[in-house]
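For reference, the structure discussed in these notes is given below.
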There are 2 protein chains.
Amino acid sequence: MNFWYYENHQDTVTFGIKVDKHLYTNKSDFQQIDIFENDVFGKFMTLDGLMMVTEKDEFIYHDMITHIPLAVNPNIKRVLVIGGGDGGTVRELTRYKHITKIDMVEIDELVVKASIEHLPITSCKLDDKRVNLYYQDGLEFVKGKENEYDLILVDSTDPIGPGEGLFTREFYRDCYKALSEDGILINQNESPYYESYRHEMKRANEKIKEVFDIVNVYQFHMPTYPSGHWLFGFASKTYHPIKDLKKDIWENFGIKTKYYNTDIHVGSFMLPTYVKELLEDESK
Amino acid sequence: MNFWYYENHQDTVTFGIKVDKHLYTNKSDFQQIDIFENDVFGKFMTLDGLMMVTEKDEFIYHDMITHIPLAVNPNIKRVLVIGGGDGGTVRELTRYKHITKIDMVEIDELVVKASIEHLPITSCKLDDKRVNLYYQDGLEFVKGKENEYDLILVDSTDPIGPGEGLFTREFYRDCYKALSEDGILINQNESPYYESYRHEMKRANEKIKEVFDIVNVYQFHMPTYPSGHWLFGFASKTYHPIKDLKKDIWENFGIKTKYYNTDIHVGSFMLPTYVKELLEDESK
């Protein structure tokens, strides 16, 4: 059988993966969920036809969303994950023994169920006793909360479909309030390369800068996302992501990682000139 | 017309670009040369069906091969470019007024002719009076030369076809001899992500380490190359790429760049853990 998954990264640019098995397909109230298998990437999950996670490179995304803030504030104890239905972000958080609470708010229970069934590589720690799963809209969940978390990780889809509200000014303001005085927010910040993603990158960054005092963007190589050049935003009330890096403390945790290290922590905030210019100049 | 260019990054992974125009096609003594046009990438050239250069992102590759060594040794005067038939590397070199000689050795004259005709964005400085074009095998050209260059840039295709000899121990030794006492070699170092490219990455690195005292690998985001995660090698007789960075001198040149800056200079040498481990452990 010659069966291929294609994702159009632009109307005239496509990325294709030959499918060995179509393991799962379902339509939830929110989106189309599929899990496929390929010899290079292993199992991979798509939502509404867009690549979310592959067994081969999920470590890159999950390392970079989790360990960056934990190496800046190694005292983080209470964490909120918004989205992240595959469980990979929670898995990385559970490696920190001193974290006491991990609330995960995923709008789509079916994504979690499918991940538990087919993607144990990411979902394996969702049963950790510190993890509380809430199947509701992250936007509503965070509203009205005050000083409840040291870290919020927005592990969302793109700002179309169910992820849309997670890219609004109001949501970022609610996150600010829900965070402790030295709280950190990490947000999915899209990509600078293709025009359509660049637009969302700039919008997310502009809105967060209105709310948080310290806002920096960092980059990583994510080969299965459009262009392979992806960004997270680091927003904080007090900490600077590089000046406040606690290199020795983090290394003493003894957490073995495949992508993250305290060198690339610093290096990932060093952005190409064109990306810096796009983020600085709000008119572009 | 629904006409697509596809490059298989692996047997079961493909990257496709819709072609508006097929501007050039020719078979030289060495390879199949094609130039296409697409609305996102502009004009792009392929050799034997593999992506070499696009108008949209050529600045990334050419910035990173050229400005890294020039910011470490801003006194570089005599440069040898091996390969680089599209002219983009030479274009960046000509921006340094103090460079006195640029020898470019390209095995395939047809690549240069096609680039001059269709890719002025990269080929526009091949007529600079400091540039000497040699249409011959770089491997032969460099043999027997002693202390003739301050910098050698290996801007080659992958180690299959005409680029193969440029990944050999003997070639790196000849480069070492052709370089001055404080000479620098930059080599195409492939990619860590897919198994096939990873193998070549390790081989190139191991061989260069046998020849040069200081060898470091640096990375950049090249969206049209397989996985988008690409590497160059920095090899030197005396200079360390970070400790010897001449930030102020380079910035005083006033060269405006779209990707390179002295921050990403440092950041690009900060590698993911799995890449470091692959490069350190020769058994993997």
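Every number in this text was worked out from the coordinates using simple rules, so none of it is lab data. Just so we're clear, the structure is a prediction, and the values are computed from it rather than from any experiment. Cβ atoms come from the backbone with ideal geometry, glycine included; neighbour counts cover every protein chain shown.
For the range A:158-179, indicate whether the set of residues that are touching a helix residue (DSSP H, G or I) at 6+ places or on another chain (Cβ under 8 Å) and within 23 Å of B:His229 (Cβ to Cβ) is non-empty. Yes, there is a match, as at least one residue in the range A:158-179 is touching a helix residue (DSSP H, G or I) at 6+ places or on another chain (Cβ under 8 Å) and within 23 Å of B:His229 (Cβ to Cβ).
Scanning the range B:110-138 for residues that are within 18 Å of the chain's Cα centre (by Cα) and in contact (Cβ under 8 Å) with a residue 40 or more places away in the chain gives B:Val111, B:Ser115, B:Leu119, B:Ile121, B:Thr122, B:Val131, B:Gly138. Within the range B:245-268, the residues that satisfy the criterion of being under 20 Å from B:Asp57 (Cα atoms) and among the β-branched types (Val, Ile, Thr) are B:Ile255, B:Thr257, B:Thr262, B:Ile264.
Residues are listed down the side, and each one gets a yes or a no for (1) within 14 Å of another protein chain (Cβ to nearest Cβ); (2) touching a His at 6+ places or on another chain (Cβ under 6 Å); (3) surrounded by fewer than 21 Cβ atoms within 10 Å (Cβ to Cβ):
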{"position": "A:Ser196", "(1), (2), (3)": "yes, no, yes"}
{"position": "A:Asn205", "(1), (2), (3)": "no, no, no"}
{"position": "A:Val211", "(1), (2), (3)": "no, no, yes"}
{"position": "A:Asn216", "(1), (2), (3)": "yes, no, yes"}
{"position": "A:Tyr225", "(1), (2), (3)": "yes, no, no"}
{"position": "A:Asp244", "(1), (2), (3)": "no, no, yes"}
{"position": "A:Asp248", "(1), (2), (3)": "no, no, yes"}
{"position": "A:Ile264", "(1), (2), (3)": "yes, no, no"}
{"position": "A:Leu279", "(1), (2), (3)": "yes, no, no"}
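Right, A:Glu200: within 18 Å of the chain's Cα centre (by Cα), within 17 Å of A:Gly83 (Cβ to Cβ), among the acidic types (Asp, Glu) and part of a loop (DSSP other than H, G, I, E, B) or not? Spelling it out, it is not the case that A:Glu200 is within 18 Å of the chain's Cα centre (by Cα), within 17 Å of A:Gly83 (Cβ to Cβ), among the acidic types (Asp, Glu) and part of a loop (DSSP other than H, G, I, E, B).
Note on the range B:48-60: residues that are touching a helix residue (DSSP H, G or I) at 6+ places or on another chain (Cβ under 7 Å) and either part of a helix (DSSP H, G or I) or at negative phi (or both) amount to 3.
Table: residues versus (1) within 30 Å of A:Ile17 (Cβ to Cβ); (2) in contact with a Pro (Cβ under 7 Å, 6 or more places away or on another chain).
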position: A:Lys177; (1), (2): no, no
position: A:Glu190; (1), (2): yes, no
position: A:Lys207; (1), (2): no, no
position: A:Phe212; (1), (2): no, no
position: A:Val215; (1), (2): no, no
position: A:Lys246; (1), (2): no, yes
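The single condition from (1) in contact with a strand residue (DSSP E or B) (Cβ under 7 Å, 6 or more places away or on another chain); (2) within 29 Å of A:Phe44 (Cβ to Cβ); (3) within 14 Å of chain B (Cβ to nearest Cβ) that A:Ile255 fails is (1).
For the range B:10-46, residues that are at the interface with chain A (Cβ under 9 Å from one of its Cβ atoms) and either part of a strand (DSSP E or B) or within 14 Å of B:Leu119 (Cβ to Cβ) (or both) total 9.
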